[in-house]
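Since the structure comes first, as structure tokens, the remarks are kept for the end.
The values are calculated or read from the model by the stated rules, or taken from the named source; none is laboratory data. Not measured: the values here are computed from a predicted model. With ideal geometry, Cβ positions are generated from the backbone for all residues, glycine too; neighbour counts draw on all protein chains shown.
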Amino acid sequence: MKTKPTRQGASTVCVHAGTWLDPATGGACSPIYTSTAYAYPNATHENIYPRYFNAPNQQVINRKLAALEQAEAAIVFGSGMAAISTLILSCLKPGDHAVFQTDLYGGTHQFVTRELQRLGVRVSWGANTAELEAAVLPDTRLIYVESPSNPLLRCVDLEAIAALGKRLGVMTVIDNTFATPINQNPIPLGIDVVVHSATKYLNGHSDVNAGVVAGAASLIDRVRESALNLGGMLDAQACAQLERGLKTLALRVQRHNENGLALAQFLATHPAVARVNYPGLPGHPDHAVAARQMRGFGGMLSIELREPNRVQDLLKRLRLVLPALSLGGVESLVCVPARTSHRQMTPEQRRSAGISDGLVRVSVGIEDLEDLVHDFDQALAGG
Ligand SMILES: *Cc1c(COP(=O)(O)O)cnc(C)c1O
């Protein structure tokens, strides 16, 4: 007889974890509870209210994400930035010091430089594990990383970051949006907290804004105390849409991984492409780290064109792949970081960050690989 596995597989967790079983009907799907008023006292003696982050459809997402990230608890928000800002504000006070990775999502970078520093939090930056460690001070409260990062897909060694945090007693946080819990589980590697923009792969269909924080139950309790004051909740309808997206997360990510690797390999051989940044390619500077801590390399890549002035031409000629800012959906998208996410930087800052004018970021969707290869091939051939 086969023994029962100790942990359900990721696909099973995606489909089943957290479902709000409805004894009234026996339905297979969580009902959508749209009420913003709930009678009290009730069975749990807790006032239920969506902005208290405890409504039924929010709890479904919380349980599913905790299971997927192998965390004790999780809490869903109305956007990735609501999750990130609430987490950081709940952990830091004026005078505290925090260390952030240099390659940050643009919105997080703005939050740190425009809001956090205004509130009197001192901030240092580091590009890699050694620089992050060097930036830590006696009163550092938080180390925050993104891996793989945008748009060069650099990866930091999560076990090294976790060990550093544990040794110095500093909380470690990762934005796991690009990897998803299917490809990377930072919490079993020792990282304390995972945040996500659920707008991207978790929902996966480019039609819901949401965010998640996952970690120890005591931390999530503290985050929730701040969250109900800051108010960035997700409503029941959107929670139900996100739950539906999450059921196919493992299946979608498997296809994103296959298409991402194959398209990266194709583009690496294309004469119009000078360079492909994809952690699954052996030539990527962080390939060894990525191979150690990731189960798949994901659907995000970037390419550098040999002739930067051909970027607009490429965007115009693509027929299937849409030039658009977001990522992580079923449809393939491209964007030009120098003109979008990194437009605020000076050309000099962009150069030192490795963001050239000829850099194009690709969010590889789940279409048929042959169609994607053909679209890039015909668009790159034009001139
Ligand atoms: C999009 C994104 C965010 C912000 O998420 P929103 O849902 O847009 O608020 C944060 N981190 C990363 C890596 C992202 O890609």
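Overview of values
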{"item": "Number of the exception - HIS205 against (1) within 12 Å of the ligand (Cβ to nearest atom); (2) farther than 14 Å from VAL76 by Cα; (3) touching a residue at least 40 places away in the same chain (Cβ under 8 Å)", "result": "(1)"}
{"item": "Residue in segment 29-50 that is under 25 Å from PRO188 (Cα atoms) and either over 27 Å from the mean Cα position of the chain (by Cα) or surrounded by fewer than 21 Cβ atoms within 10 Å (Cβ to Cβ) (or both) present", "result": "no"}
{"item": "Pairs, first assigned by TED's automatic domain parsing to the domain that holds ALA74 in segment 31-56, second of a type in the set (Asp, Glu), C-beta under 7 Å, six or more apart", "result": "PRO31/ASP22; PRO50/ASP235; ASN54/GLU46"}
{"item": "Selection count, segment 208-220, where residues are more than 11 Å from the ligand (Cβ to nearest atom) and touching a residue at least 12 places away in the same chain (Cβ under 8 Å)", "result": "7"}
{"item": "Qualifying residues in segment 123-154 (those that are assigned to a loop (DSSP other than H, G, I, E, B) and within 10 Å of GLN101 (Cα to Cα)) - the one nearest to the ligand (Cβ to nearest atom)", "result": "SER149"}
{"item": "Selected residue [surrounded by fewer than 22 Cβ atoms within 10 Å (Cβ to Cβ), without any contact (Cβ under 8 Å) to a residue 24 or more places away in the chain and more than 25 Å from LEU158 (Cα to Cα)] from ASP313, ASP368, ASP377, ASP357", "result": "ASP368"}
{"item": "Scan of segment 63-86 for residues that are within 20 Å of GLN184 (Cβ to Cβ), more than 16 Å from the ligand (Cβ to nearest atom) and not hydrophobic (A, V, I, L, M, F, W, C), ordered by number", "result": "LYS64, GLN70, GLU72"}
{"item": "In segment 87-118, residue farthest from the ligand (Cβ to nearest atom) [restricted to those that are in a strand (DSSP E or B) and of a type outside the set (Phe, Trp, Tyr)]", "result": "HIS97"}
{"item": "Test set (1) closer than 30 Å to HIS374 by Cβ; (2) surrounded by 17 or more Cβ atoms within 10 Å (Cβ to Cβ) - ALA227 fails condition number", "result": "(1)"}
{"item": "Within segment 291-350, considering residues that are away from the ligand (no atom under 16 Å from the Cβ) and part of a strand (DSSP E or B), the one farthest from PRO151 (Cα to Cα)", "result": "LEU322"}
{"item": "Those residues of segment 155-193 which are part of a loop (DSSP other than H, G, I, E, B), more than 26 Å from CYS14 (Cβ to Cβ) and either more than 15 Å from the ligand (Cβ to nearest atom) or without any contact (Cβ under 8 Å) to a residue 40 or more places away in the chain (or both), in sequence order", "result": "ASP157, GLY169, VAL170"}
{"item": "Single match in LEU234, LEU242, LEU251, LEU246 (criterion: of a type outside the set (D, E, K, R), in a helix (DSSP H, G or I) and out of contact with any Cys (no Cβ under 9 Å at 6 or more places or on another chain))", "result": "LEU242"}
